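J.: Dropping the structure in here first, questions after.
Values quoted throughout were computed directly from the atomic coordinates according to the rules given, and no laboratory measurement underlies them. Small disclaimer: the values here were computed from a predicted structure and weren't measured. A quick note on method: Cβ atoms are made from the backbone with ideal geometry, for glycine too, and the neighbour counts reach across all protein chains shown.
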Amino acid sequence: MQLRWPKPAPWVLAPTPFPLQSADGPSQELAAASRVACSLGAEDHRIVRVDLDVLGGSALTADIEVPKARRREDIGEGVPITYVPARNTIFLAIALGWAEVLGSTDLFLGVNAVDYSGYPDCRPAFLQAFENLAQLATVAGAEDDKPLRIHAPLMKLSKQGIVERGLELGVDFALTHTCYDPVVRGAETLACGECDACHLRLEGFREANQTDPVPYVSGLN
Ligand SMILES: [Zn+2]
């Protein structure tokens, strides 16, 4: 999505890295991205069709079960099966292309290295390397000498810190979606409450002494 506040130059927020469709209809992540873009007053929200299911290799892009009810100490240990091969490289590349079209030099990505240290494309070294690539790969960087920056404001925050910072900034968490394996019941989408993403999200809200406003299958929140 493209935001223009508070800077005069547009900002590009890297896209929602999930399928456009699920077995139950349009992707919940995509619907949440549209809701959030709208609530932030984004000037534009583009949907780019990149079908990573063609490559597979992840519980999020292939017919592989999403791990459930893992112990807290096991989450973040090694690279989980929910890692999508080269996902953030692919999505940042698309965001970079749009940034260049818009004349933007600032890309934002919501990666978090603390809880998901197992994901190699969520680490500071990856973002630094991509920033160097962006500088060399674009006319803006290589010819016009404009500094291209990749911002990851959530990178070093704990899940508790993300909840607290979001609330400070007035984020409506009811519009957001985190679960890897949601259950759709009629018009309602329920978070499973058992995947790693749900565990970490619930832990963040609990530690921040807040109630997660999204509905869960078993009313865990
Ligand atoms: Zn879940």
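J.: Going out from 0 in 5 Å bins, what whole percent of all Cα-Cα distances in the stretch 151-193 drops into each bin?
T.: All Cα pairs, binned at 5 Å, distribute as 5, 18, 20, 23, 15, 12, 5, 1 percent.
J.: Enumerate the residues in the stretch 31-47 having an amide nitrogen under 14 Å from the point lying 7 Å beyond the Cα of Val184 toward its Cβ.
T.: Answer for this model: 31-32.
J.: Continuing with the same structure: What distance in nm separates the simple spin-label points at Asp51 and Lys68, each placed 7 Å from Cα in the Cβ direction?
T.: Those two pseudo-labels are separated by 2.8 nm.
J.: While we're looking at this one, here's another question. 7 Å from Cα along Cα→Cβ at both Ala93 and Ala174: what's the point-to-point distance in nm?
T.: Label at Ala93, label at Ala174, 4.0 nm between them.
J.: Let me know the shape class of the stretch 18-176, please: from the alpha-carbon gyration tensor, a ≥ b ≥ c as square roots of the eigenvalues, rounded when a/c is under 1.5, otherwise prolate if a/b is greater than b/c, or oblate.
T.: Cα axes put the stretch 18-176 in the rounded bin.
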